[in-house]
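Note sheet for the following structure.
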Amino acid sequence: MFLFPDLFLVGHTERTEMAKKVTPQKSIWQRIWSFCWKSAIGFFIVTVVWVILYRWVNPPVTFLQLKERINCSEGMEFHKTWADADEISLYMKLAVVASEDNNFMKHYGLDWGAIKKARAYNETHKKTRGASTISQQVAKNVFLWPSRSWIRKGFEVYFTYLIEFFWSKERILEVYLNVIETGPCKFGVEAAAHDYFHTSAAKLTRDQAALIAACLPNPKKMNPSKPGSYMMKRQSQIARLTRLIGDNYFERYSEKTDKMKRIKEEMEVQKKIEELPPGELPGIIEEEIETVSKDQSLEETQETVPSAAIDSTGDSAQGE
């Protein structure tokens, strides 16, 4: 072989060319499929790492916060201050559970019972009602862009299950209370406590917390420091429900709590809630928004209540 190097090179070249001809070329659909599954795997890895990172690292900014910061009116200050879970009042945590997600500690991301009720309600009402859980709102606010579409909703469900799997309920609630919009160019309950009540999130009373929770459906138009009749009624309902579910709500669902004791307490709470008139539940008051004239803003329907109506003990002068 080494005596005839030219013959060896010619033979090697011919075999290489034949091998190229035998190897089939990938079709356009095979290339597309290969690109799609590789992209899907890459997306899954990146998002899982992202979610795991935020289990310990506080989200520095969200897409909605960026948008609001850019669009802040002249003279209006953008305000957000992070507060750790132990720096937030128990009343504030109970208030958002009572107003936004009663089954927060029991579901695994989606509340199928609430979804079923919302669907039945929407079939008979012009104004639709959502059934997003606190977990879903965290997924939407932290990882996604602010818009309404089925594509974004699909990603929302995906991230919801990821954070439910990798985060604790305490972490989900902590992040939620720090990224929610609580006013124009204002995010988080620490900023709300400071700007509306000149206090910290740790010192919020039951009624102050209920007022902040009451503004969440429309934080740009509802001002907790100047509540109108609608907000005062909703505040009363939320505060009442926080008392019904109990200050030991989160302890009830800890691993240390006996299962039978938990079930017994759940049944007692459910019985108390069922005894309330329908109009006394926070969700029902949403229907009253429909009575507001289309050409009249919520701000115009709010009659200012003196700040003295909410005393430092956390009980509303209006009573319950």
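The values are calculated or read from the model by the stated rules, or taken from the named source; none is laboratory data. These figures come from a predicted structure and were not determined experimentally. For neighbour counting, all protein chains shown are included, and Cβ atoms are generated from backbone atoms with ideal geometry for every residue, glycine included. These accessible areas exclude ligands, DNA and RNA; they are computed on the full protein's heavy atoms, side chains included. Shrake-Rupley method; radii C 1.70, N 1.55, O 1.52, S 1.80 Å.
So, in the range 127-171, of the ones that are of a type in the set (D, E, K, R) and part of a helix (DSSP H, G or I), which residue ends up least open to solvent (accessible area, probe 1.4 Å)? Don't jump to the end; show me each part of the working.
First, the residues of the range 127-171 that are of a type in the set (D, E, K, R): 127, 129, 140, 148, 152-153, 156, 164, 169-171.
Keeping just the survivors that are part of a helix (DSSP H, G or I) gives 140, 152-153, 156, 164, 169-171.
On the way: K140: 63, R152: 22, K153: 67, E156: 3, E164: 32, K169: 41, E170: 120, R171: 18 Å².
Once the filter is applied, the top-ranked residue is E156.
Per-residue answers, yes or no, for (1) of a type in the set (K, R); (2) loosely packed, with under 12 Cβ neighbours inside 10 Å; (3) closer than 30 Å to K169 by Cα:
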| site | (1), (2), (3) |
| --- | --- |
| S34 | no, yes, no |
| I41 | no, yes, yes |
| I45 | no, yes, yes |
| V51 | no, no, yes |
| E68 | no, no, yes |
| C72 | no, no, no |
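Which of the residues spanning the range 46-104 are of a type in the set (K, R), assigned to a helix (DSSP H, G or I) and at pLDDT 95 or above?
Restricting attention to the range 46-104, the residues satisfying the condition of being of a type in the set (K, R) are 55, 67, 69, 80, 93.
Checking which are assigned to a helix (DSSP H, G or I) leaves us with 67, 69, 93.
Within the range 46-104, just K93 meets the criteria.
Got a sec? Which helices (runs of 4 or more DSSP H) wholly within the range 226-276 have at least 3 residues that are among the small types (G, A, S) and touching a residue at least 40 places away in the same chain (Cβ under 8 Å)?
Values: elements: 229-245, 249-252, 259-275.
Per the criteria, 229-245.
Sort through F187, F197 and tell me the only one that's of a type outside the set (S, T, N, Q) and farther than 24 Å from S236 by Cβ. Give the derivation first.
Numbers: F197 fails: farther than 24 Å from S236 by Cβ.
So the residue among F187, F197 that is of a type outside the set (S, T, N, Q) and farther than 24 Å from S236 by Cβ is F187.
Hey, among the residues in the range 105-117 that are hydrophobic (A, V, I, L, M, F, W, C) and part of a helix (DSSP H, G or I), which one's surrounded by the fewest Cβ atoms within 10 Å (Cβ to Cβ)? Show your work before the answer.
Of the residues in the range 105-117, the ones hydrophobic (A, V, I, L, M, F, W, C) are 105, 110, 112, 114-115.
Then drop every residue that is not part of a helix (DSSP H, G or I), which leaves 112, 114-115.
On the way: W112: 11, A114: 19, I115: 14.
Only one residue tops the list, namely W112.
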